[in-house]
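Participant: Mind looking over this structure? Questions follow.
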Amino acid sequence: MLRRLTRRSAQTRVRTQTRSHEGARRRGRAFVAAAVLSSLLAACDGGTASSAGADAATGATANAARAHDADANPRAAQAVKLMKIAVPAQSGQSRAEVYAQVRRMTALGKQMFFDPSLSGSGKMSCASCHSPDHAFTPANSLGVQMGGADMRRQGMRAVPTLKYLQAVPAFAEHYHDSDDEGDESVDAGPTGGLTWDGRVDRASDQARIPLLSTFEMASSPKKVAAAVRAAPYAGAFREAFGARVFDDDDATWKAVLKSLETFEQSPEVFYPYTSKYDAYLAGKATLTAAEMRGLQLFNDEKRGNCASCHISQRAKDGSPPQFSDFGLIAVGVPRNRALAVNRDRRFYDLGACGPERTDLGHRAEFCGLFRTPTLRNVALKQSFFHNGIYHSLEDVLRFYARRDTNPEAFYPVVKGKVEKFDDLPRRYWANLNTDPPFDRKPGDAPVFSDAEIKDVIAFLGTLTDGWQPGAH
Ligand code: HEC
Ligand code: HEC
């Protein structure tokens with residue numbers, strides 16, 4: 001079996017080699033998503049874990065059954081974990097009731113996800129930016145989306161997919177992963193958290209951001225509560241959260257956030273693992289010659305080295321690769337001059353050190369870092385990188401292949417001089433990753449030829465969910 005590749009760079013590596021308690025605690029992969037259901041179950045399970053429970057928990061039972069499948073599906077693992085959590089808990093609802101509640105919240109969350117009445121403009125729902133047909137990224141090819149009360153305010157970041165977020169660990173400055181070459185003492189550097197800069201850990205906290213943002217849904221807890229009270233699903237909402245839930249805007253608001261979070265964890269929608277590559281790993285599909293060449297280039301540590309950050313192999317516990325190690329990394333993406341915020345020459349989106357994220361603002365070593373996105377379903381996206389500067393995988397791959405051999409093709413040239421890394425002030429350049437593919441200089445051969453770029457793109461196409469045997 002191939003060695004699982006790990007992220008290596010001066011910036012991310014080994015700031016502390018000590019085996020810390022922090023590391024040990026996080027090792028078990030603090031799945032953001034699992035936390036909600038487990039807290040829900042822990043809070044209210046009565047331990048009447050008998051036939052009724054199993055019955056109502058059909059989804060979980062089916063998933064649990066699949067745990068015996070050689071695929072070692074983490075969905076199954078999660079379901080087993082949930083059921084285990086459910087059984088020994090102290091008091092309250094039965095397991096059947098808990099699962100029924102999860103189902104109610106999922107259904108409500110789904111309705112709200114598509115409901116524009118929650119927004120200040122009345123025109124924008126979560127799905128306006130996170131379209132289910134595009135792996136929950138926009139249906140249009142704008143680099144960043146328009147929003148706000150008048151729908152005329154421009155955002156500053158590209159919309160990430162909402163799929164496979166269940167695997168994102170809570171943010172940690174020093175991440176220790178037992179899966180990391182079996183050496184938990186290796187510090188993988190800042191890792192995890194939701195959004196491009198990892199600034200929130202829970203999807204319910206995340207949902208506040210677009211709902212309240214003046215350039216997104218531009219709403220308020222009060223408006224959201226009023227919209228839900230008037231919505232066709234108001235009755236179902238009362239059934240799920242109690243007859244008095246509408247007495248208190250704050251209670252309504254919290255229930256909305258929780259429902260959205262619960263919906264975003266539906267395994268069959270958000271982490272189905274139904275790509276051709278998953279079938280290939282399970283021995284149920286064969287890659288074409290081009291896809292196979294692409295996979296090799298993707299994994300080759302001296303060439304693409306893509307898998308060092310976008311993990312392509314199963315974890316030691318057999319769970320499928322997420323195509324991200326969720327590390328926060330600086331790759332020096334060019335400034336997107338089409339963005340309104342960038343008209344101000346002094347403005348920089350520096351990711352983990354701000355301005356959207358505020359807790360690490362004084363820490364220079366976090367400037368320019370963005371969370372490595374999953375590449376699952378990346379072929380369905382139409383804008384790439386945190387600032388949406390590129391609109392095709394060809395352009396992204398060309399950037400990786402030639403950023404350092406032909407920087408003039410990506411960055412502005414002023415008076416014959418290339419202004420490399422034009423979206424990161426020079427004082428933060430030490431944060432930039434310098435491992436392959438970022439280890440070349442002008443005059444060297446590009447990392448990939450054009451033909452090889454096509455192969456890597458062919459491989460990336462195998463990461464799209466919904467593959468059917470017999471299809472390509
Ligand atoms: C105007 C477009 C827009 C709307 C509407 C919108 N989002 Fe987003 N969403 C974004 C952008 C842009 C980001 C990245 C934000 C950042 O990095 O600061 C994001 C990030 C996220 C993330 C984190 C993804 C990750 O990779 O960590 C989640 C979860 C999410 N949105 C859920 C929602 C939900 C739920 C709603 C509805 C309540 C919603 N979004 C509405 C644009 C939008
Ligand atoms: C050192 C870690 C690292 C390596 C190596 C790496 N990536 Fe990335 N990748 C990232 C980060 C971080 C981002 C987001 C950067 C940003 O937006 O500022 C990213 C973004 C991307 C995106 C855009 C995805 C999206 O949703 O916008 C694609 C596609 C991609 N990488 C493919 C590759 C390929 C192919 C390779 C190998 C040639 C590779 N990456 C190598 C860390 C890495």
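Taken together, the values in this text are just the output of simple stated rules run on the coordinates, not laboratory data. Every value quoted in this text rests on a predicted model; they were computed, and no experiment measured them. Here Cβ is always computed from backbone atoms with ideal geometry, including for glycine, and neighbour counts include all displayed protein chains.
Participant: Can you tell me the dipole magnitude for segment 188-293 around its Cα centre, using point charges on the Cβ only (Lys, Arg +1; Asp, Glu -1), in Debye to the nearest 20?
Facilitator: On the way: 13 positive and 14 negative charges, 23 e Å.
Dipole about the Cα centre, nearest 20: 120 debye.
Participant: Highest mean first, what order results for 377-384, 188-195 on Cβ atoms within 10 Å?
Facilitator: Descending mean neighbour count gives 188-195, 377-384.
Participant: Turning to a different aspect of this structure: Beta carbons within 10 angstrom, averaged per residue: use that to sort the peptides 306-313, 145-152, highest first.
Facilitator: Result, highest mean first: 306-313, 145-152.
Participant: OK, next. For segment 202-274, rounded, prolate or oblate, judged on the Cα gyration tensor with a ≥ b ≥ c (square roots of eigenvalues), a/c < 1.5 rounded, else prolate if a/b > b/c?
Facilitator: Here segment 202-274 falls in the oblate category.
Participant: Turning to a different aspect of this structure: For 395, 349, 404, 317, what ranking results if the residue with the fewest other Cβ atoms within 10 Å of its Cβ goes first?
Facilitator: 317, 395, 404, 349
Participant: In whole percent, what relative contact order does segment 372-472 give with Cα contacts below 8 Å and a gap of six or more residues?
Facilitator: 39 percent
Participant: What does the C-alpha gyration tensor say about the overall shape of segment 298-416? Classify as rounded when a/c is under 1.5, otherwise prolate if a/b is larger than b/c, or oblate.
Facilitator: Taking the square roots of the gyration eigenvalues as a ≥ b ≥ c, segment 298-416 is oblate.
Participant: Just want the ordering: 284, 163, 302, from fewest to most Cβ atoms lying within 10 Å of their own Cβ.
Facilitator: Least to most surrounded, the residues fall as 302, 284, 163.
Participant: Fully extended, how many nm does the chain gain between residue 406 and residue 346 (0.36 nm per residue separation, minus their Cα-Cα distance)?
Facilitator: Between residue 406 and residue 346, full extension yields 19.0 nm more.
Participant: If you don't mind, another one. Tally Lys and Arg at +1 and Asp and Glu at -1 over the other residues with C-beta under 12 Å from the C-beta of residue 414: what net charge comes out?
Facilitator: 0
Participant: Quick one: which of 122-129, 458-465 comes out on top by average Cβ neighbours within 10 Å, and what's the full order, highest first? Show your work: numbers first, answer last.
Facilitator: On the way: 122-129: 19.8, 458-465: 21.8.
Result, highest mean Cβ count within 10 Å first: 458-465, 122-129.
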